[in-house]
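Working notes for the structure below.
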Amino acid sequence: EFKRVDVVNELVDKLQGNYKFGAGKFTYDYTELSKLTSEKEAIKSRVSTIKTLSESFSGTYLGRGIEGGLEIFTEGEENNRRYLIVLSDGVDTKNKDYDKDLLANTIKTAKDKRVKIYTIGLGSSIDEKTLKDVASQTDGKYYFAPTADDLIETFNLIAAELSYNLYDTTNDGNWDSVVIADSGFGVKRDGFSFSN
């Protein structure tokens with residue numbers, strides 16, 4: 001149902017201030033959807049094209065996806081914070097094992113460009129170790145979302161992290177709390193029947 005697309009667009013709306021966004025998608029190869037732009041409607045429109053583009057699934061290649069995403073970050077603006085959010089199961093389905101050299105080189109490139117990589121493991125069968133390694137080696141964070149419904153809470157936490165820990169608990173577009181510590185516990189995913 002393309003919930004991942006809708007949640008990404010909601011993240012763009014949640015971030016208030018002087019942000020620039022870029023977007024891409026990957027299976028085996030990376031496809032850039034948009035270069036960095038501060039035009040929110042333009043980036044949301046480009047992300048929404050995922051719903052209508054025909055896709056031939058040729059396997060997942062995490063290293064190529066990250067490598068392509070890092071190309072959005074160009075020279076200049078060195079004083080700005082830089083984040084790459086990667087949504088994947090992390091499983092390399094094209095090869096029997098990762099191209100470890102490519103993955104190591106992309107992590108080095110991320111460090112050189114000062115890009116923190118946030119990885120989100122989506123699904124019930126994920127390569128959690130690789131996704132955690134990529135995030136930790138770039139000073140990013142790893143999140144687990146077993147279903148597309150869990151992406152809402154995950155992206156709310158990411159929005160809070162990118163917005164100096166301000167959090168919108170009611171999803172009304174207004175910050176109404178501050179994240180002091182993130183334990184990784186997801187209310188809907190991990191079992192409370194009432195809101196936290």
*Can you give the accessible area of K129, probe radius 1.4 Å, in Å² rounded to 10?*
140 Å²
*Using θ = phi - 60° and the Karplus curve 6.51 cos²θ - 1.76 cosθ + 1.60, what whole-Hz ³J(HN,Hα) does each residue of segment 126-131 get, with Gly and Pro shown as x?*
10, 9, 4, 4, 5, 4
*Which pairs break 18 Å Cα to Cα here: K20/K116; K35/K141; K51/K141?*
K35/K141; K51/K141
*Which value, in Å², gives the accessible area per residue of segment 1-66 when a 1.4 Å probe is used on the protein heavy atoms?*
56 Å²
*Surface share of carbon and sulfur [accessible, 1.4 angstrom probe, percent] for segment 1-150*: 46 percent
_Amide hydrogen neighbours beyond the local backbone of L84, cut-off 5 Å, H modeled_ = K116, I117, Y118
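The values are calculated or read from the model by the stated rules, or taken from the named source; none is laboratory data. Worth saying up front: this structure is predicted, and the values here are computed from it rather than measured. Note: areas computed on protein heavy atoms with side chains; ligands, DNA, RNA excluded. Shrake-Rupley method; radii C 1.70, N 1.55, O 1.52, S 1.80 Å.
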